[in-house]
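Take a look at the structure set out below.
The values are calculated or read from the model by the stated rules, or taken from the named source; none is laboratory data. Note that the structure is a prediction, hence the values are computed from the model and not measured. Cβ atoms come from the backbone with ideal geometry, glycine included; neighbour counts cover every protein chain shown.
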Amino acid sequence: MQHFYRKALVVFVFLLIADALVACYCVYRSNPSLSLMPPEPGATRWHAAAITDVSFGGASTVRILDTTQRSLRFDFRVSGIIPHPWAWAALLIDGADGKPGLADLSKYSTLSFLAKCRPANSLILNVVTLDASVTKQGVKQTWLPVMTYFSCNERGMPVSLDLTRLAIPGWWYEAEHVDIARRSYRLDRVAKLEFGAGPFSLHETDSHVEISDLTLHGRDDRYLVVLAVVVVLGWCVFGAWFFRAQSRALTATVDSRLRKDLTFVAYRHLTVEPFEDKEKAAILRFIASHYADSGLDLDGVAAGTGANRGKINDVLKGELGMTFNSYLKKLRLTEAARLLTAEAGATVAEIARSVGYANSAYLNRIFKEEYGCSPRQFRNLAARSDILGDQDPAGR
């Protein structure tokens, strides 16, 4: 059994390590992220562009300062000569063919970045998307902008924006005649991200903005489901293997011990081995015939055979290498094992009494010490295997 438990421990540790590796992978994949600044290899490509209110009669200005895609740096000034001025630096998505494209950001729920501005200001983020029911190609006003606000200062502020809770501006509902009750939007076809002045930004002030470490974060619970399935399935398989292998190992151990014990059963040898020493034969025969007597002891054997205690011990030591008590226990336990397999209707208490033990609790204890399992477990193992199937401890 020790070999089996060592093997089970190795499998257990291997399974723990495998689960840890799978967990690390699944947890990592369940939180996807995508860096836009600087862009990761194979990530969505973009280019910066200035967008102002000039075409609508305004005088706001934007000047892009960084074209390396490592950050978005721009200067802007908002002029208040029209009621609702704007000045934005936009990240326009590039298509594979170099033309304006669309990016699927639907698996991301958060946008994080570091925002620096001089002077401190309140800015706006617009995520411009294609709305299949409203957007018309070539008509900029029909694209759906969803927006939110963030603050920045000269030291730099880490910003984290929830992309699932952006707002649709009121003017878009009126301009496109969309029901004001509609609040849903999709991020699977994003055309651009716009950073710049909002309604609460400083007017008539030269401002500098730097956006860096722009990263998208998401959540994909499918990998956590896969992790749970893999862990549960793995431990179920381990449990099934463990109990079946333990049963086989225990069966083999018990069978091996019982077969070894058969060599010590004198009444089996007496049927095939004549003894020249009649006194020796009488001692072994007497013990084999009276082992079921619960009161049998060394004095009883001496009285029944006429041999002294020293002679009895010498015979048992010389022939079997055992003391009287050890040999008597071997006889009783071996016979108990035979009865457990041969007498299916007999209870453990009945078998205990038939082999010389007054109560089943004592038999349970010494049986488990000897064979590693209780009499009931032994009976179940024997019923499923061939323990002593080809031998009989009594030689019958």
- Item | Single residue of 63, 6 found to be among the basic types (Lys, Arg), surrounded by fewer than 14 Cβ atoms within 10 Å (Cβ to Cβ), at pLDDT 90 or above and not in a loop (DSSP other than H, G, I, E, B) | 63
- Task: Would you check if there is a residue in the range 93-110 being farther than 28 Å from residue 221 by Cβ, touching a strand residue (DSSP E or B) at 6+ places or on another chain (Cβ under 6 Å) and at pLDDT 90 or above?
- Result: no
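Yes/no per residue for (1) small (Gly, Ala, Ser); (2) assigned to a helix (DSSP H, G or I); (3) modelled with pLDDT of 95 or more; (4) not assigned by TED's automatic domain parsing to the domain that holds residue 65:
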{"residue": "180", "(1), (2), (3), (4)": "no, no, no, no"}
{"residue": "184", "(1), (2), (3), (4)": "yes, no, no, no"}
{"residue": "188", "(1), (2), (3), (4)": "no, no, no, no"}
{"residue": "195", "(1), (2), (3), (4)": "no, no, yes, no"}
{"residue": "199", "(1), (2), (3), (4)": "no, no, no, no"}
{"residue": "203", "(1), (2), (3), (4)": "no, no, no, no"}
{"residue": "208", "(1), (2), (3), (4)": "no, no, yes, no"}
{"residue": "214", "(1), (2), (3), (4)": "no, no, no, no"}
- Filter the range 31-88 for residues that are small (Gly, Ala, Ser), touching a Lys or Arg at 6+ places or on another chain (Cβ under 9 Å) and under 21 Å from residue 108 (Cα atoms) and give the result. none
- Message: Looking at the structure I just gave you, is residue 257 at pLDDT below 90 and within 24 Å of residue 338 (Cα to Cα)?
- Response: yes
- Out of all the residues in the range 194-214, is one or more touching a residue at least 24 places away in the same chain (Cβ under 8 Å), touching a Pro at 6+ places or on another chain (Cβ under 8 Å), buried (at least 18 other Cβ atoms within 10 Å of the Cβ) and not small (Gly, Ala, Ser)? yes
- When you go through 45, 29 one by one, which is the residue that is under 30 Å from residue 234 (Cβ atoms) and either aliphatic (A, V, I, L, M) or at pLDDT below 90 (or both)? 29
- Task: Determine if the range 81-89 includes at least one residue that is within 41 Å of the chain's Cα centre (by Cα) and buried (at least 22 other Cβ atoms within 10 Å of the Cβ).
- Result: no
- Item | Tabulated pairs, the range 276-302, first assigned by TED's automatic domain parsing to the domain that holds residue 356, second among the hydroxyl-bearing types (Ser, Thr, Tyr) and modelled with pLDDT under 80, C-beta under 8 angstrom, 6+ apart or interchain | 284/267; 285/267; 288/267; 289/267
- Item | Test for residue 172: is it within 26 Å of residue 49 (Cβ to Cβ) and in a helix (DSSP H, G or I) | yes
- Output the residue which, of all residues in the range 40-60 that are hydroxyl-bearing (Ser, Thr, Tyr) and over 44 Å from the mean Cα position of the chain (by Cα), is surrounded by the most Cβ atoms within 10 Å (Cβ to Cβ). 60
- Message: Take residues that are farther than 23 Å from residue 63 by Cβ and tell me which of the strands (runs of 3 or more DSSP E) falling wholly in the range 88-157 contain 3 or more.
- Response: 108-118, 144-152
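Conditions (1) in the same structural domain as residue 140 (by TED's automatic domain parsing); (2) over 23 Å from residue 189 (Cα atoms); (3) in contact (Cβ under 8 Å) with a residue 40 or more places away in the chain, marked per residue:
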{"position": "67", "(1), (2), (3)": "yes, yes, no"}
{"position": "78", "(1), (2), (3)": "yes, yes, yes"}
{"position": "86", "(1), (2), (3)": "yes, yes, yes"}
{"position": "89", "(1), (2), (3)": "yes, no, yes"}
{"position": "100", "(1), (2), (3)": "yes, no, yes"}
- Checking residue 238 against (1) of a type in the set (Phe, Trp, Tyr); (2) loosely packed, with under 15 Cβ neighbours inside 10 Å; (3) within 17 Å of the chain's Cα centre (by Cα), which single condition isn't satisfied? (2)
- Before we move on, is residue 349 free of Cβ contacts under 8 Å to residues at least 12 places away in the same chain and either buried (at least 16 other Cβ atoms within 10 Å of the Cβ) or of a type outside the set (S, T, N, Q) (or both)? yes
- Please name all residue pairs, on different chains or six or more residues apart, with Cβ atoms under 7 Å, provided the first residue is in the range 364-375 and is assigned by TED's automatic domain parsing to the domain that holds residue 326 and the second residue is assigned to a loop (DSSP other than H, G, I, E, B). 364/374; 367/374; 368/374; 372/1
- Could you run through the range 17-39 and say how many residues are surrounded by 12 or more Cβ atoms within 10 Å (Cβ to Cβ), within 13 Å of residue 227 (Cα to Cα) and not charged (D, E, K, R)? 7
- modelled with pLDDT under 90 and assigned to a strand (DSSP E or B) - does that describe any residue in the range 48-56? no
- Item | Answer from 300, 321 - the residue that is at positive phi and of a type outside the set (Phe, Trp, Tyr) | 321
- So residue 105 clears everything in (1) surrounded by fewer than 21 Cβ atoms within 10 Å (Cβ to Cβ); (2) out of contact with any Phe, Trp or Tyr (no Cβ under 6 Å at 6 or more places or on another chain) except one condition, right? Which one? (1)
- Number of positions in the range 107-119 that are of a type in the set (A, V, I, L, M, F, W, C) and touching a Lys or Arg at 6+ places or on another chain (Cβ under 9 Å): 0
